[in-house]
Amino acid sequence: MVGAGFAGLYAHHRLRALGLTIQGYEAAAGVGGTWWWNRYPGARCDVESMDYCYSFAPELEQEWTWSERYATQPEILRYLDHVADRFDLRRDIEFETRVTAARWSEAEQRWDVVTDRGDRVSARFVVMAVGCLSASKDPEIQGIDTFRGPTYHTGRWPHEGVDLTGLRVGVIGTGSSGIQSIPLMAQQAAQLTVFQRTPNFTMPAKNAPLDPDAVAARKARAREHRQAMRESRAGVLVPPPQESALSVDTATRQSTYEAAWESGTLFGMIASYNDLLVNPDANETAAEFVRRKIHEIVADPEVADRLSPRGHPLGTKRPCLDTDYYATYNRDNVTLVDVRATPIVEITPAGIRTTTQEYELDAIVFATGFDAMTGPLLRPDITGVGGVALRDKWAAGPRTFLGLATAGFPNLFVVTGPGSPSVLVNMAVAIEQHVDWITDCIAYLDERNIGAIEATVESEDDWVAHVNQVASYTLFPRANSWYMGANVPGKPRVFMPYIGGLPRYTETIESVAANGYRGFELRVSPTATVRR
Ligand code: FAD
Ligand code: NAP
């Protein structure tokens with residue numbers, strides 16, 4: 001089992017109950033995954049806390065009480081620590097240990113797994129619970145190592161915290177991490193200079209302490225609520241839009257968008273109408289609404305203009321939720337540099353130099369994101385049947401069957417892999433779904449003395465074609481997003497997650513399982529009984 005975030009922890013819990021012997025590895029020193037690594041100021045969830053948590057144990061749901069609508073990183077980490085303690089999930093995990101390689105032996109129908117500490121373990125199954133957003137990425141900027149002061153990546157934030165008081169701080173990146181941290185860093189720093197390449201659409205989170213009565217009411221109907229979440233399109237309850245943005249008059253549209261803006265929900269705006277993610281004209285009405293909001297909030301019209309996203313449709317890069325993001329640009333100590341107009345040339349010992357000026361800095365924050373979805377799967381050297389490397393197989397982009405497995409790599413399961421709804425939905429729901437499916441699959445194999453399960457090339461080809469086809473109906477491929485791999489130079493431009501929605505996806509994976517794992521080849525064990 002590789003990884004001990006939301007996915008790895010739950011997988012330990014479920015697979016242990018099958019009676020399997022588990023060896024877990026986790027690169028971090030503790031459990032929590034995303035919430036262990038991303039400790040930058042302002043880090044919080046943007047799916048509501050009461051929805052962004054496990055549903056597998058009703059007693060856990062009843063005993064844990066979130067304090068805020070959108071919980072902070074420390075609170076989410078406390079929750080995951082609590083889960084690990086409550087279900088005794090740490091005992092099989094080696095921390096501060098990174099899996100560096102895994103090699104399949106067809107003769108033995110086993111994986112040989114190697115770590116950076118020199119451990120070697122022979123495993124029947126490998127479960128990659130490595131996360132979609134765990135391979136943090138520094139920007140490729142000349143001179144990055146020459147800077148005299150400290151540099152920090154939001155995804156590897158120091159655990160002791162960082163005191164920016166009185167410092168001249170530069171931030172590169174205005175995705176969710178930048179947008180959450182910039183308002184808080186601006187309150188500390190003497191001067192904050194934000195280097196923005198692409199302005200993003202962000203909406204106010206309207207975060208607040210949770211009302212105890214509302215929490216009690218939710219707990220009272222937790223089971224029904226969870227079931228409805230699992231049956232929803234994105235793992236959160238948003239009423240499905242019925243009409244086109246272009247079928248209503250301007251006043252109606254404005255009041256719908258106003259309500260979405262005020263709702264403080266991630267999917268509120270894009271779920272306002274049924275064509276915002278497929279029709280550029282419809283999308284433009286929502287984009288223009290947000291641009292107007294920016295102009296209302298930001299005092300300097302030129303700064304407001306620079307902050308206004310153009311050139312990619314709203315929602316085609318991951319939407320963001322913020323607290324006081326745009327208003328932060330009204331502060332005297334905050335400067336916005338448009339590095340599309342005046343690109344960064346290099347990082348110097350003294351700061352950041354663009355084509356027009358050098359900005360002297362005491363510290364630099366890289367809010368530059370991740371080698372998403374494929375990065376954590378391709379960093380280890382994984383070789384499958386016939387010695388084929390996963391890196392070679394995926395050279396033109398990831399290929400999976402259902403985002404759970406890849407042909408040529410038997411008995412290797414991926415939790416929320418490329419080709420599954422994963423990052424487009426509430427990930428707590430997606431993770432539980434995958435772990436449940438993998439657990440049921442392994443139980444099925446055990447009952448029948450099956451040694452190996454492998455996705456067939458045909459089923460994988462069909463699935464990849466379907467994933468691409470569904471994406472092609474949408475506006476997503478128009479954006480240079482991390483969904484498309486566009487944030488990593490040289491990465492193949494492929495829309496990686498599955499945008500067909502949870503209901504369709506659930507029906508598919510359930511039907512595959514119900515039909516004896518149709519689309520997979522199942523091979524009996526070479527030994528009389530499978531060696532656990
Ligand atoms: P992770 O939490 O990423 O855990 C994977 C673990 O695997 C990591 O700890 C990593 O160290 C370990 N690992 C990776 N490779 C190796 C290796 N080779 N050897 C050993 N260990 C390895 N999603 C939502 O749905 N809602 C949100 O509000 C939300 N907020 C987010 C906020 C931030 C700042 C970020 C970065 C992501 C957010 N996400 C959110 C996505 C989030 O990643 C998932 O919700 C979820 O936490 C993923 O859990 P996971 O266990 O799959 O992966
Ligand atoms: P991100 O969305 O990929 O944003 C990275 C930012 O850095 C972008 O603005 C990018 O610009 C910029 N950048 C990268 N390289 C650059 C360079 N060389 N020069 C200038 N700018 C550069 O990463 P993230 O903000 O860490 O978020 C990643 C994902 O994690 C999110 O989309 C979300 O799924 C999750 N997350 C969620 C939350 C939350 O609110 N709960 C918080 C943080 C993260 P371009 O856009 O031009 O590439």
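Of all residues in region 158-171 being surrounded by fewer than 16 Cβ atoms within 10 Å (Cβ to Cβ) and within 25 Å of residue 28 (Cα to Cα), which is farthest from ligand 1 (Cβ to nearest atom)?
Of region 158-171, the ones surrounded by fewer than 16 Cβ atoms within 10 Å (Cβ to Cβ) are 158-161, 163, 165-166.
From what's left, within 25 Å of residue 28 (Cα to Cα): 158-161, 163.
Values: 158: 15, 159: 14, 160: 19, 161: 16, 163: 21 Å.
The extreme case among them is 163.
Scanning region 473-532 for residues that are among the hydroxyl-bearing types (Ser, Thr, Tyr) and modelled with pLDDT of 95 or more yields 473, 474, 481, 483, 498, 505, 506, 508, 511, 517. With respect to (1) within 16 Å of ligand 2 (Cβ to nearest atom); (2) touching a helix residue (DSSP H, G or I) at 6+ places or on another chain (Cβ under 8 Å); (3) in a helix (DSSP H, G or I), the lone exception for residue 436 is condition (1).
Does residue 380 count as under 28 Å from residue 506 (Cα atoms), touching a residue at least 60 places away in the same chain (Cβ under 8 Å) and within 16 Å of ligand 1 (Cβ to nearest atom)?
Working: under 28 Å from residue 506 (Cα atoms): no; touching a residue at least 60 places away in the same chain (Cβ under 8 Å): yes; within 16 Å of ligand 1 (Cβ to nearest atom): yes.
The answer is no for residue 380.
Could you tell me whether residue 64 is of a type outside the set (Val, Ile, Thr), touching a Gly at 6+ places or on another chain (Cβ under 6 Å) and not assigned by TED's automatic domain parsing to the domain that holds residue 164? So residue 64 does not fit the description; no.
Taking the numbered list (1) under 24 Å from residue 318 (Cβ atoms); (2) aliphatic (A, V, I, L, M); (3) assigned to a helix (DSSP H, G or I) in turn, residue 194 passes all entries but (3).
Here is the figure for region 172-195: residues that are farther than 20 Å from residue 372 by Cβ and either among the aliphatic types (A, V, I, L, M) or within 16 Å of ligand 2 (Cβ to nearest atom) (or both) total 11. The residue pairs whose first member lies in region 259-284 and is at positive phi, whose second member is β-branched (Val, Ile, Thr) and surrounded by 18 or more Cβ atoms within 10 Å (Cβ to Cβ), and whose beta carbons are closer than 9 Å, counting only pairs six or more residues apart or on different chains, do not exist in this structure.
Within region 12-25, if we keep just the residues that are part of a helix (DSSP H, G or I) and over 16 Å from residue 53 (Cβ atoms), the residue that is farthest from the chain's Cα centre (by Cα) turns out to be 17. Only residues that are farther than 19 Å from residue 104 by Cβ and over 25 Å from the mean Cα position of the chain (by Cα) were counted across region 405-445, and they come to 2.
The values are calculated or read from the model by the stated rules, or taken from the named source; none is laboratory data. These numbers come from a predicted model, not from an experiment. Reconstructed Cβ throughout: ideal geometry from the backbone, glycine too, with neighbour counts over all protein chains shown.
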